[in-house]
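*Asks:* I am attaching a structure below and will ask some questions about it afterwards.
The values are calculated or read from the model by the stated rules, or taken from the named source; none is laboratory data. Note that the structure is a prediction, hence the values are computed from the model and not measured. When we count neighbours, we look across all protein chains shown, and the Cβ atoms used for this are built from the backbone with ideal geometry, even at glycine. Please note that ligands, DNA and RNA were not included when accessible areas were found on the heavy atoms of the full protein model with its side chains. Shrake-Rupley method; radii C 1.70, N 1.55, O 1.52, S 1.80 Å.
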Amino acid sequence: MSQAAAIRSSGIATIPEALASKGEAEGFIFVFVLVEAVLERSWAEIVLRPAPDAVFALLDGRSMIFSEAGQKIFELDRVGAFIWCKLGEGASIGDIYRGLEAQGIDEHTARQFTREAVNTWIDRAMLKVDWQMPNDGAFSARLGGHRISVRAANRDLMRRLLSPFCVSDQGASGDGDIAIEAMMLDEQVFLRAEDSSVSRCEVEALAPTIKAHVTERLIRSNRWVFSLHAASLVNEGMGLLLCGHPGAGKSTLTLQLVDAGFRYAGDDVALVGGDGTICGVPFALTLKEGSWGLLSRLHGDRYDATHRRSDGVRVRYVPIPDAQAQCFSAGWIIFLNRVTGGPAELTVLDRLESMKRLIENAFAGDGRLSQAGFFALKRMVARAQSLQLTYSEAGEARRLLMELCHGKA
């Protein structure tokens, strides 16, 4: 008798019993909203199987899964055990629904149980997820010296995936050294990276999730000795770095400087090579809600599509044409100090103070600034002017920076 048959013979828990027992298993907290019309189309394209290092066992009539990767045991209620074992037998999701319905569970609840269990197991890497992507629906881009390739299962996903990129090569074939695929499942998107790892996000969060994934991969690349949380622009061949904590106004000020003729190189991360030169990461300019008024005045309603980051913040993306792709040297390093009032002013910082501040905002793949990174930082700072910009109005800040970069300040 198979494991699934053994579980069936012992009976399936009632709905209230199953709902109560789900909370007993470690980490099994389920909150999920689904659109059933999409489910039938999506599940047919995705194959789910237990991961090789996740095993099912019975002990004293109680069902459990041991995850070798997570080094944990998860207890299952009878419904969860039935679903797991059916997946292990190669059953389709539709077969599982029908099996639960045969045990007296109504269709809606059977679908809910199955989806909740599957999502949790995927998040814990206990299920192997596989799918076949269509031949079309791909694009590539180059960022930070890497080729990024992205494939999507349908046009809506492709449109969302394109949002955070300034330039893409539609219809490119082949894999990049950073690759990701997106497949729609209900109201969620499943993402598979080049290492076959699978994650998921809501549709509205797809573009920010892709951007975060690619950014992390670039930061961890051994091509760069460290990275800075900074916006970067280029004026007459020299780089301008805008450094500051979230909310300091980097993106808003970047938008104003691009409008004034500066060349855009990135609004979030700057990669630094061993020689101290900088490579921006020119994703589309990301603007939070407070900057949408300025965006509307400069560009009308062209970029009114809204996306939601994992922290709940809503953003809009503005692709900047002719973004800077080549490395450059920093001519000016600006530390933003946004205040509630008063005139804008620039204060010169000595280079040692600049290095200390930059180290506080630097990050590397292994979480440590190496000696190579330290000397690269020294070279970068030695070539540049370092200043603090105190301001309350972005327009005044832009004027001061333009005067600085044109030799008038």
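*Asks:* Against the definition (at pLDDT 95 or above, farther than 24 Å from residue 147 by Cα and of a type in the set (Val, Ile, Thr)), how does residue 348 come out, yes or no?
*Replies:* Yes; evaluated as a whole, the condition is true for this residue.
*Asks:* Does residue 35 fit the bill of being open to solvent by less than 70 Å² (accessible area, probe 1.4 Å), closer than 30 Å to residue 196 by Cβ and at pLDDT below 50?
*Replies:* yes
*Asks:* Also, I was wondering about something else. Any residue at all in segment 137-148 that is modelled with pLDDT of 90 or more, open to solvent by 70 Å² or more (accessible area, probe 1.4 Å) and among the β-branched types (Val, Ile, Thr)?
*Replies:* No, segment 137-148 contains no residue that is modelled with pLDDT of 90 or more, open to solvent by 70 Å² or more (accessible area, probe 1.4 Å) and among the β-branched types (Val, Ile, Thr).
*Asks:* Anything in segment 225-281 that is surrounded by 23 or more Cβ atoms within 10 Å (Cβ to Cβ), among the aromatic types (Phe, Trp, Tyr) and under 14 Å from residue 320 (Cβ atoms)? List them, or say none.
*Replies:* Matches in segment 225-281: 264 only.
*Asks:* Does at least one position in segment 278-299 carry a residue that is at pLDDT 95 or above, in contact with a helix residue (DSSP H, G or I) (Cβ under 9 Å, 6 or more places away or on another chain), in a loop (DSSP other than H, G, I, E, B) and over 16 Å from residue 163 (Cα atoms)?
*Replies:* So far as segment 278-299 goes, no, none of its residues is at pLDDT 95 or above, in contact with a helix residue (DSSP H, G or I) (Cβ under 9 Å, 6 or more places away or on another chain), in a loop (DSSP other than H, G, I, E, B) and over 16 Å from residue 163 (Cα atoms).
*Asks:* In segment 66-104, how many are part of a helix (DSSP H, G or I) and surrounded by fewer than 16 Cβ atoms within 10 Å (Cβ to Cβ)?
*Replies:* Final tally of qualifying residues: 5.
*Asks:* Which numbered condition trips up residue 309, out of (1) under 21 Å from residue 270 (Cα atoms); (2) surrounded by fewer than 17 Cβ atoms within 10 Å (Cβ to Cβ)?
*Replies:* Going through (1) under 21 Å from residue 270 (Cα atoms); (2) surrounded by fewer than 17 Cβ atoms within 10 Å (Cβ to Cβ) one by one, residue 309 breaks only (2).
*Asks:* Now for a separate question. Which count do you get for residues in segment 379-409 that are of a type in the set (D, E, K, R) and more than 16 Å from residue 239 (Cα to Cα)?
*Replies:* Number of matching residues: 4.
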